[in-house]
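> One structure, pasted below without further comment.
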Amino acid sequence: MNKAARYAEVGQEIAAVIDGECHMIARMATVSNILHHAFDYYFWTGFYLVDPGKAGELVIGPYQGTLGCLRIPFGKGVCGTAAAERRTVIVEDVHAFPGHIACDARSQSEIVAPVFDPQGGLIAVFDVDSAEKGMFNAEDAAGLEAILKASFS
Ligand code: SME
């Protein structure tokens, strides 16, 4: 099965599980869990939340995988760049990305997508790392953006 078809299938599964659940953390925990187990190249999968109590910082949210860093300033690393620029960032080789934050040295490539509320406000970023280089492309971006939009916007 190709990536686009798999994302569509996983998106349906997520929608079915979170249907009727309005708590954001419950929805995020479900999204990270189902996606993490659906793709074998996902090594770390989860959310960094915009922290209303600390301007300009992201704080760790629901995730799957090895221990993640607790806080990331806006503009720092891949997550901070995606948050500051409100766009999806794909990195083929994290070691070549200026300011990359290495929470786990095994991470080699990464995709980070912004998460918006229904009013268009940034509430989080969704970060997926792979232990192999060059694992993410435009199909991952489109698939993740569609799932995040359906789940939070
Ligand atoms: N690599 C990320 C940090 C988060 S972790 O990998 C879980 C970054 O540079 O934004």
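Quick note: the coordinates plus some simple rules give every number you see, no bench work behind them. All values derive from a computational prediction rather than experimental measurement. Note that we place each Cβ from the backbone using ideal geometry, even for glycine, and neighbour counts take in every protein chain shown.
> Work out, step by step, the length gained on full extension between ARG87 and ALA4: first 0.36 nm times the residue separation, then minus their alpha carbon distance; give nm to one decimal.
Once the chain is fully extended between ARG87 and ALA4, it gains 27.9 nm.
> So, one more: Between the range 32-69 and the range 100-150, how far is it from one alpha carbon centroid to the other, in angstrom?
Comparing the Cα centres of the range 32-69 and the range 100-150, I get a distance of 9 Å.
> Related question: When the chain is modelled as a GNM with alpha-carbon springs shorter than 10 Å, which of ALA96, ALA113, ALA142 fluctuates the most?
Largest GNM mean-square fluctuation: ALA96.
> Using a cut-off of 19 Å between alpha-carbon atoms, which aspartates and glutamates can reach LYS76, once sequence neighbours fewer than 8 places away in the same chain are excluded?
The reachable aspartates and glutamates, counting only those whose Cα sits under 19 Å from LYS76, are ASP51, GLU57, GLU85, GLU92, ASP93, ASP104, GLU110, ASP127, ASP129.
> Relative contact order for the range 45-126: what is it in percent, counting Cα pairs under 8 Å that are at least 6 residues apart?
For the range 45-126, the relative contact order is 28 percent.
> Going Cα to Cα from LYS3, which lysines come in below 27 Å? Please leave out same-chain ones fewer than 8 positions away.
Partners found: LYS133, LYS149.
> Per 0.36 nm of contour for each residue apart, how much would the distance between ALA150 and HIS23 grow if the chain were fully extended, relative to their Cα-Cα spacing?
Gain on stretching ALA150 to HIS23: 44.3 nm.
> Something else: Using alpha-carbon pairs under 8 Å, 6+ residues apart, how would you state the relative contact order of the chain in percent?
23
> So if each residue of separation counts as 0.36 nm, and I subtract the Cα-Cα distance between ALA16 and PHE97, what length gain in nm does that give?
Gain in length upon complete extension: 25.5 nm.
> Under the rule a/c < 1.5 gives rounded, and otherwise a/b versus b/c splits prolate from oblate, where does the chain land using the Cα gyration tensor?
Note, shape of the chain comes out oblate.
> Can you tell me the FRET efficiency between ALA142 and LEU67 if r is taken as the Cβ-Cβ distance and R0 is 35 Å, rounded to the nearest 0.05?
The computed FRET efficiency comes out at 0.75.
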